[in-house]
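Below is one structure, written out as structure tokens, with a few remarks after it.
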Amino acid sequence: MYLAMTHAYRPRRSMLYMPGSNARAIDKGRSLAADAIIFDIEDAVAVEAKSLARDQITAAIAAGGYGDKELIVRINGLGSEWFDADISAIAASGADGILLPKVESAAAVRDTEKRLADAGAPASMAIWCMMETPLGILRSADIAAASPRIAGMIMGTNDLALELRCRQTPDGAAFLTSFGLCILAARAHGLAVIDAVYNDLADDEGFAESCRRGRTLGFDGKSLIHPKTIDAANRLYGPSAEEVAWARKIADAFEQARAEGLGVIKVDGKMVEELHVREAQRLLAMADRLAGS
């Protein structure tokens, strides 16, 4: 049964930001093991380089070579002087989605949705929402429900920290409320939700702990600022061999019980309910997708 669900799961363990103004980085992205590339025209690009970044991104996507990676473009914000040009270019680029910065309302999402449609974007082009302001966090449930184009939310704790006037500590304590609200909103509407970047590239263990904590909270993956962190994010957000084996045991036991007309099953002495079966199927679908089956 779970094999039939494989198409519904797209791994998003690692989503790497890449400045659109850096042609060498854009080219290198083709060979990286990140599940997704987020080409950036916003924060990572100087004002005078935004047109160049936009052109380089669209040319790279058109040239292809990124395999099965999800290609997302972080455009400049609604109301900025670059927004219209960004929408027009990316709508026709073949990207999988756009990432809208500083989303604070459902209206902003619906406006972006209309502009994408007017620019000829295919129905498959998704909208991703950066959750990085207090108002956006408080409205996360409305934002998550704003459009069928929304694929997910990505946390932006650097901007959020400034507005909260909080301290960014290794345990991420200041953001737990914000994380929880966005995870709840995303799950209530069937969306992906991605943890924020980890700023200290010299702190490998701190990064790993951040991934472990994020997965415990319920995030699907980690947004990244450097290729060196891809392997750790993929490993820590991906299913372990032990998790896959247990999930397969649950799925197999469920199939056998269903064939025998049984409504309740036990696996290794533990009661297994339908919710456990659904999670096992989701995990197996992801494992199969990662294995290329």
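Quick notes
- Test: residue in region 133-150 that is buried (at least 23 other Cβ atoms within 10 Å of the Cβ), among the charged types (D, E, K, R) and touching a helix residue (DSSP H, G or I) at 6+ places or on another chain (Cβ under 9 Å): no
- Top-ranked residue of region 255-280 - restricted to ones that are part of a helix (DSSP H, G or I) and of a type in the set (D, E), ranked as farthest from the chain's Cα centre (by Cα): E255
- I250 falls short on exactly one of the conditions (1) at pLDDT 95 or above; (2) crowded, with 19+ Cβ neighbours inside 10 Å, and that condition is (1).
- Checked against (1) touching a strand residue (DSSP E or B) at 6+ places or on another chain (Cβ under 6 Å); (2) at positive phi, D40 meets all criteria but (2).
- Of the residues L52, L99, L78, the single one that is more than 30 Å from L181 (Cα to Cα), surrounded by 15 or more Cβ atoms within 10 Å (Cβ to Cβ) and of a type outside the set (K, R) is L52.
- Residue within region 208-219 that is at pLDDT below 95, in contact with a Phe, Trp or Tyr (Cβ under 8 Å, 6 or more places away or on another chain) and of a type in the set (A, V, I, L, M, F, W, C) present: no
- Test: L283 is assigned by TED's automatic domain parsing to the domain that holds A186 and either surrounded by 14 or more Cβ atoms within 10 Å (Cβ to Cβ) or more than 26 Å from A151 (Cα to Cα) (or both): no
- Scanning region 231-248 for residues that are over 18 Å from D35 (Cβ atoms) and either in contact (Cβ under 8 Å) with a residue 24 or more places away in the chain or under 15 Å from the mean Cα position of the chain (by Cα) (or both) turns up W246, A247, R248.
- The condition of being out of contact with any Pro (no Cβ under 6 Å at 6 or more places or on another chain), basic (K, R) and modelled with pLDDT of 80 or more holds for only one of R282, R258, that being R282.
- Here K222, K228 are screened, and the one residue that is under 21 Å from the mean Cα position of the chain (by Cα), surrounded by fewer than 20 Cβ atoms within 10 Å (Cβ to Cβ) and either within 27 Å of K28 (Cα to Cα) or of a type in the set (D, E) (or both) is K228.
The values are calculated or read from the model by the stated rules, or taken from the named source; none is laboratory data. Computed from a predicted structure; not experimentally measured. Methodologically, a virtual Cβ is constructed for each residue, glycine included, from the backbone with ideal geometry; neighbour enumeration extends over all protein chains shown.
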